[in-house]
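Undergrad: Below is the structure I would like to discuss, written out as C-alpha coordinates.
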Amino acid sequence: MQELANKLGVNYLEVYGGSVVEQGLVSKAGITTSQASSSYRIEPNYAEKFNLSFANGNEYNQFLNYYNQNFPGFILSTSTYNQYNARGNNYSSIIVDPNKLINQVAATLANTTHVERVTQQTSQERAV
(Lines give C-alpha, C1' and ligand atoms only; values in the text may rest on other atoms or scores of the structure.)
Protein backbone atom coordinates (compact mmCIF):
# COMPACT_ATOMS: atom_id res chain seq x y z
CA MET A 1 0.00 0.00 0.00
CA GLN A 2 2.91 2.33 0.64
CA GLU A 3 4.13 1.89 -2.93
CA LEU A 4 0.66 2.73 -4.21
CA ALA A 5 0.51 5.82 -1.98
CA ASN A 6 3.87 6.93 -3.38
CA LYS A 7 2.69 6.42 -6.97
CA LEU A 8 -0.46 8.42 -6.28
CA GLY A 9 1.38 11.15 -4.42
CA VAL A 10 -0.81 10.81 -1.33
CA ASN A 11 -0.30 9.93 2.31
CA TYR A 12 -0.28 6.22 3.19
CA LEU A 13 -3.34 6.67 5.42
CA GLU A 14 -5.34 8.03 2.48
CA VAL A 15 -4.77 4.69 0.76
CA TYR A 16 -5.06 2.45 3.82
CA GLY A 17 -7.96 4.09 5.61
CA GLY A 18 -9.44 6.39 3.02
CA SER A 19 -11.18 5.92 -0.28
CA VAL A 20 -8.76 7.73 -2.59
CA VAL A 21 -7.92 4.61 -4.61
CA GLU A 22 -11.51 3.38 -4.78
CA GLN A 23 -12.83 6.79 -5.85
CA GLY A 24 -10.02 7.16 -8.37
CA LEU A 25 -10.79 3.80 -9.95
CA VAL A 26 -14.48 4.48 -10.45
CA SER A 27 -13.89 8.09 -11.51
CA LYS A 28 -11.44 6.94 -14.17
CA ALA A 29 -14.23 4.75 -15.58
CA GLY A 30 -16.57 7.75 -15.71
CA ILE A 31 -18.59 6.84 -12.62
CA THR A 32 -19.46 9.42 -9.96
CA THR A 33 -20.93 7.19 -7.24
CA SER A 34 -19.24 7.96 -3.92
CA GLN A 35 -16.86 5.33 -2.62
CA ALA A 36 -16.65 6.81 0.89
CA SER A 37 -17.65 3.52 2.52
CA SER A 38 -15.88 1.20 0.08
CA SER A 39 -12.84 -0.84 1.02
CA TYR A 40 -9.52 -1.96 -0.38
CA ARG A 41 -7.46 -4.79 1.06
CA ILE A 42 -4.62 -7.06 0.10
CA GLU A 43 -5.71 -10.69 -0.09
CA PRO A 44 -3.56 -13.56 1.28
CA ASN A 45 -2.56 -14.45 -2.30
CA TYR A 46 -1.32 -10.85 -2.74
CA ALA A 47 -4.15 -9.91 -5.06
CA GLU A 48 -5.79 -6.56 -4.39
CA LYS A 49 -9.48 -6.72 -3.46
CA PHE A 50 -11.83 -3.78 -3.80
CA ASN A 51 -15.38 -3.73 -2.50
CA LEU A 52 -16.92 -0.97 -4.59
CA SER A 53 -20.34 0.69 -4.63
CA PHE A 54 -22.26 1.15 -7.84
CA ALA A 55 -25.58 2.96 -8.19
CA ASN A 56 -26.85 0.36 -10.62
CA GLY A 57 -25.86 -2.55 -12.82
CA ASN A 58 -25.05 -0.20 -15.70
CA GLU A 59 -22.31 1.48 -13.66
CA TYR A 60 -20.94 -1.89 -12.66
CA ASN A 61 -20.79 -2.99 -16.30
CA GLN A 62 -19.30 0.36 -17.34
CA PHE A 63 -16.53 -0.10 -14.78
CA LEU A 64 -15.75 -3.64 -15.93
CA ASN A 65 -15.84 -2.67 -19.61
CA TYR A 66 -13.56 0.32 -19.09
CA TYR A 67 -10.84 -1.64 -17.32
CA ASN A 68 -11.14 -4.73 -19.52
CA GLN A 69 -10.72 -2.57 -22.63
CA ASN A 70 -8.06 -0.17 -21.38
CA PHE A 71 -6.10 -2.41 -19.00
CA PRO A 72 -6.51 -6.02 -20.16
CA GLY A 73 -5.74 -8.48 -17.38
CA PHE A 74 -6.13 -5.89 -14.63
CA ILE A 75 -9.37 -7.40 -13.33
CA LEU A 76 -8.73 -10.97 -12.19
CA SER A 77 -12.19 -11.82 -10.87
CA THR A 78 -15.45 -10.21 -9.86
CA SER A 79 -18.51 -10.91 -7.81
CA THR A 80 -21.92 -10.35 -9.26
CA TYR A 81 -23.33 -6.84 -9.04
CA ASN A 82 -23.97 -5.83 -5.40
CA GLN A 83 -23.33 -9.35 -4.14
CA TYR A 84 -22.06 -8.30 -0.71
CA ASN A 85 -23.83 -6.35 2.00
CA ALA A 86 -21.85 -4.71 4.78
CA ARG A 87 -22.77 -1.89 7.13
CA GLY A 88 -26.07 -1.45 5.29
CA ASN A 89 -24.43 -0.91 1.90
CA ASN A 90 -24.21 -3.19 -1.10
CA TYR A 91 -20.83 -3.83 -2.69
CA SER A 92 -19.40 -5.57 -5.69
CA SER A 93 -16.11 -7.31 -5.02
CA ILE A 94 -13.40 -6.86 -7.63
CA ILE A 95 -10.00 -8.53 -7.41
CA VAL A 96 -7.24 -6.97 -9.47
CA ASP A 97 -3.67 -7.75 -10.46
CA PRO A 98 -1.42 -5.87 -7.99
CA ASN A 99 1.39 -5.43 -10.53
CA LYS A 100 -0.94 -3.84 -13.06
CA LEU A 101 -2.44 -1.67 -10.33
CA ILE A 102 0.98 -0.32 -9.34
CA ASN A 103 2.68 -0.23 -12.74
CA GLN A 104 -0.13 0.72 -15.12
CA VAL A 105 -3.31 1.94 -13.48
CA ALA A 106 -1.82 3.97 -10.60
CA ALA A 107 -0.05 6.34 -12.99
CA THR A 108 -3.37 7.25 -14.58
CA LEU A 109 -5.04 7.61 -11.19
CA ALA A 110 -2.25 9.87 -9.94
CA ASN A 111 -3.11 12.43 -12.59
CA THR A 112 -6.80 12.29 -11.69
CA THR A 113 -6.05 12.46 -7.98
CA HIS A 114 -3.81 15.49 -8.41
CA VAL A 115 -6.37 17.32 -10.54
CA GLU A 116 -9.13 16.53 -8.04
CA ARG A 117 -7.02 17.84 -5.15
CA VAL A 118 -6.18 21.06 -6.99
CA THR A 119 -9.85 21.56 -7.85
CA GLN A 120 -10.87 20.96 -4.23
CA GLN A 121 -8.22 23.37 -2.94
CA THR A 122 -9.30 26.05 -5.39
CA SER A 123 -12.95 25.60 -4.39
CA GLN A 124 -12.06 25.78 -0.70
CA GLU A 125 -9.96 28.91 -1.21
CA ARG A 126 -12.86 30.61 -2.98
CA ALA A 127 -15.18 29.72 -0.10
CA VAL A 128 -12.89 31.40 2.44
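Undergrad: Would you check if residue 79 is more than 13 Å from the chain's Cα centre (by Cα) and surrounded by fewer than 20 Cβ atoms within 10 Å (Cβ to Cβ)?
TA: yes
Undergrad: For the range 76-122, which positions are at pLDDT below 65 and either touching a helix residue (DSSP H, G or I) at 6+ places or on another chain (Cβ under 6 Å) or of a type in the set (Val, Ile, Thr) (or both)?
TA: 112, 113, 115, 118, 119, 122
Undergrad: On to the next question. Mind checking which residues of the range 31-54 are in contact (Cβ under 8 Å) with a residue 24 or more places away in the chain and out of contact with any Phe, Trp or Tyr (no Cβ under 8 Å at 6 or more places or on another chain)?
TA: 37, 42, 43, 46, 47 - these are the residues of the range 31-54 that are in contact (Cβ under 8 Å) with a residue 24 or more places away in the chain and out of contact with any Phe, Trp or Tyr (no Cβ under 8 Å at 6 or more places or on another chain).
Undergrad: Just to be sure I understand the filter: pairs with C-beta atoms under 7 Å, separated by 6 or more residues or on different chains, first member in the range 56-70 and within 19 Å of residue 105 (Cβ to Cβ), second member in a helix (DSSP H, G or I) and of a type in the set (A, V, I, L, M). Which pairs pass?
TA: The qualifying pairs are 63/26.
Undergrad: Does residue 25 fit the bill of being modelled with pLDDT of 95 or more, under 22 Å from residue 4 (Cβ atoms) and not charged (D, E, K, R)?
TA: Considered against the rule, which asks whether it is modelled with pLDDT of 95 or more, under 22 Å from residue 4 (Cβ atoms) and not charged (D, E, K, R), residue 25 comes out as no.
The values are calculated or read from the model by the stated rules, or taken from the named source; none is laboratory data. Just so it is clear, the structure is predicted and the values come from calculations on it, not from any experiment. Glycine also receives a Cβ, built like all others from the backbone with ideal geometry; neighbour counts cover every protein chain displayed.
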